[in-house]
Amino acid sequence: MTHPFVIAVPAKGRLQENAEAFFARAGLDLVKPRGARDYRGSIADLPDVVVAYLSAAEIVDLLAQGAVHFGLTGEDLVREHIADAQRHVVFIDELGFGHANVVVAVPQAWIDVRTMADLDDVATAFRLKHDRKMRVATKYVNLTRNFFARHAIADYRIVESSGATEGAPAAGTAELIVDITTTGATLAANHLKAIDDGVILRSQANLVAARSAGWGTAERDTARNVLDRMAAQKRARAFREVRTRFAGCDAALLAEAKQRFAVETPFGGPTSSGMLTLHCPPQHVPALARLLREKGAEHVSAVELDYVFSRANALYARLEAGLGPAS
Amino acid sequence: MSVAASLLNESLIASFERAGYLRVAPAILHPAGPFLDLSGEDIRRRMYLTTDARGHELCLRPDLTIPVSREYLASSLAGQPQGFCYLGLVFRHSRAETDGASEFWQAGIESFGRPDTAVADAEMIALALDAAAHFGLTEPTIRMGDVALFSALIEALKLAPAWKRRLIKDFNHKSSLAQDLDRLSISAAQAPPEYQGVLTALAGSDPKAAHALVTDLLSIAGTTAVGGRSVSEIADRFLEQATLGAQTSLPKEISALIEKFLALGGSPEKAARQLRDFARDANVALDAALDLFESRAGLLGARGIDLDRIRFSTAFGRGVDYYTGVVFELHDPDERVKGQLVAGGRYDGLLTRLGSASPIPAVGFAVWVERLARLRSAA
């Protein structure tokens, strides 16, 4: 094998821990053969795969260049650093961690500013009064520019900021900011407030594929293996397996269960002996169990699932749809 | 650039110098700030940006108007009437309208400090036509607009200040404001704050007291002037918004009036007649702007320019918010070459925004010499 299949994973911080947990849940054990400080690893039982531990910024760069196949990174960084992102990468799945919003925030003292329309007006008034444009501190230059253009805001200047952006208004280096926030606590601590309709992006960690990486049959095969486990794990987490057996189980009951609890019947209706296996979203399990007993079931068991492998793999389908046919 | 093209460009500049314009060659590398401040953040994606050792943002000049203006302001001539001409490269990330090139040549003129507005405007348009003719294009399409007319209309309308600001800004940034007029609104999606009634009543009966109250409340809350706006500025707009009340969307009759205005156009003589009628019917005072418009047209006619060839439109703008008066573009009538060949206008506010203590009138134009040369070889 000459070209390994490279998956880029964040090298430090909470994102790395979450990423490793995510892979582990999918049965993909990340191993660092030369110890914890090594920046290259592999996945037990997938010898074709190389795991590269990189900084978030490097991951995005390498995705843009096609130097890695998969990358695990925040959507905010991809959208900011890759112009016209859909042309260069395929967003395969949102991973359910690393949640953060990119928001427009202004000083709390600006009691007259609640919406982007207010901000538009204030920006123009500011320019007319002070003969200079309002400054927006941010590291999200492109996201900011596109969002402000959508709101027809013209009277502003971007001041690039690489750290402690939220301190810029107090320090006098900007009037407002565009920054990432999870709880809003940092904004509040700096006497800032988010604008009502000023959420530029609701970001979370994404599994992203680089379109311009090598995508021959071997690479696609590896990708399918990796995604198969992720999809099986994802589906398993979305359901509990509910089993029961009773005579009164019929099509009408199944229809009711499907309609009320979004239940699925992966193995069809009840067997000739009345055995029934259902997949039910976790939050509906107690109510479903109650319904089944009301209809005559003596016992209902519910268990967590490790994997649900299905013929259709939505994640791989998304990758293939994004990449187009193999060359 | 070929020898032939060089000779042609140099003889164009020589003609500008003979007309009394001082040739300058500003630096290629400039602070990025003025361009972003004056041309808008949208130009950032098209500029070649770099950083110096101290972290200052620099760029390869994307045009020459701002560099020439800065040189003039830094010189001992600042404030006095003085015209400049230039021929130089400008740099922009390529896209269709720059013909796929990342650097291209521009010639041009900038005229500063002349109090005789109409005469200077007419001279600029005449020189622009001469520049096109220099490359063999004797009858270009002349598109013309006048930002001052729109500003005068908005000034004359009975509208909340917030609306006036917004309409002027959008006129400068939208290719067709008319289409946007319907859906323009200020915070229309938001319910008014619950204290609006009190504030409206207070501001209506005693504006001074209302202002003092809001200012006091902000100070009690320990609010300081964070973010470059003073407490008084915030209080002003807060009350302005509160009293705006029902006017969160543009009144229908005003929007209809603006649409009617933006539909006017034609030759300058026809447009002037239409505008006089419009001003009388709508009972808005556009006299000063219209007088200037008419005397400029008269001067153009006196210079032997056939006014019927000018396509004036009240809606025509150049998408750059530093223009304050006449704006114009010359195009190939047969559209063999796309985009403007010569373009310019009056920008009386620019030098103040570049730091001049007193306002200095300014008007100028730029020549896309490579487009004109291509047209010449296509002919």
(message) Among the numbered criteria (1) assigned to a strand (DSSP E or B); (2) β-branched (Val, Ile, Thr); (3) facing chain B (nearest Cβ under 8 Å), which one does A:Val178 miss?
(response) (3)
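One residue is enough: does the range B:48-65 have a residue meeting the conditions over 30 Å from A:Ala123 (Cβ atoms), surrounded by 20 or more Cβ atoms within 10 Å (Cβ to Cβ), more than 14 Å from chain A (Cβ to nearest Cβ) and touching a residue at least 60 places away in the same chain (Cβ under 8 Å)?
Narrowing the range B:48-65 to residues over 30 Å from A:Ala123 (Cβ atoms): B:53.
Filter again for surrounded by 20 or more Cβ atoms within 10 Å (Cβ to Cβ), leaving none.
Within the range B:48-65 (the criterion being over 30 Å from A:Ala123 (Cβ atoms), surrounded by 20 or more Cβ atoms within 10 Å (Cβ to Cβ), more than 14 Å from chain A (Cβ to nearest Cβ) and touching a residue at least 60 places away in the same chain (Cβ under 8 Å)), the answer is no, since none of the residues qualifies.
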(request) Mind listing whichever residues of the range A:78-122 are surrounded by fewer than 23 Cβ atoms within 10 Å (Cβ to Cβ), within 19 Å of A:Thr183 (Cβ to Cβ) and within 14 Å of chain B (Cβ to nearest Cβ)? (result) A:Gln108
(message) Give me the helices (runs of 4 or more DSSP H) completely within the range B:280-379, filtered to those with at least 3 residues that are within 18 Å of B:Gly266 (Cα to Cα) and of a type in the set (A, V, I, L, M), ordered by residue number.
(response) B:287-302
(message) For the structure I just gave you, tell me whether A:Leu227 is modelled with pLDDT of 90 or more and hydrophobic (A, V, I, L, M, F, W, C).
(response) yes
(message) Being in contact (Cβ under 8 Å) with a residue 40 or more places away in the chain and either part of a helix (DSSP H, G or I) or among the polar types (S, T, N, Q) (or both) is true for just one of B:Ser76, B:Ser69, B:Ser94. Which residue is that?
(response) B:Ser69
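State all residues of the range A:123-141 that are assigned to a helix (DSSP H, G or I) and at pLDDT below 90; if no residue qualifies, say none.
First, the residues of the range A:123-141 that are assigned to a helix (DSSP H, G or I): A:123-130, A:141.
Correct list: A:Thr124, A:Ala125, A:Arg127, A:Leu128, A:Lys129, A:His130.
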(request) Look at A:Tyr156 and say whether it is in contact with a Gly (Cβ under 9 Å, 6 or more places away or on another chain), assigned by TED's automatic domain parsing to the domain that holds A:Val106, in contact (Cβ under 8 Å) with a residue 24 or more places away in the chain and not charged (D, E, K, R). (result) yes
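With B:Asp37, B:Asp63, B:Asp42 as the choices, which residue is in a loop (DSSP other than H, G, I, E, B) and out of contact with any Leu (no Cβ under 7 Å at 6 or more places or on another chain)? Outline the logic, then answer.
Details: B:Asp37 fails: in a loop (DSSP other than H, G, I, E, B); B:Asp42 fails: in a loop (DSSP other than H, G, I, E, B).
Going through B:Asp37, B:Asp63, B:Asp42 in turn, the sole match is B:Asp63.
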(request) Check whether at least one residue in the range B:43-64 is at pLDDT 95 or above and under 23 Å from B:His331 (Cβ atoms), and report yes or no. (result) yes
(message) Regarding the range A:182-198, can at least one residue be identified that is in contact (Cβ under 8 Å) with a residue 24 or more places away in the chain and within 17 Å of the chain's Cα centre (by Cα)?
(response) yes
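Considering only residues that are within 20 Å of B:Leu153 (Cα to Cα), surrounded by fewer than 19 Cβ atoms within 10 Å (Cβ to Cβ) and among the small types (Gly, Ala, Ser), which ones fall in the range B:291-312?
At the first step, the residues of the range B:291-312 found to be within 20 Å of B:Leu153 (Cα to Cα) are B:291-297, B:312.
Restricting the remaining residues to those that are surrounded by fewer than 19 Cβ atoms within 10 Å (Cβ to Cβ) gives B:291, B:294-295.
Within the range B:291-312, just B:Ser295 meets the criteria.
The values are calculated or read from the model by the stated rules, or taken from the named source; none is laboratory data. Nothing here was measured: the structure is a model prediction, and the numbers come from that model. Here the Cβ is made from the backbone with ideal geometry for all residues, glycine too, and neighbour counts use every protein chain on show.
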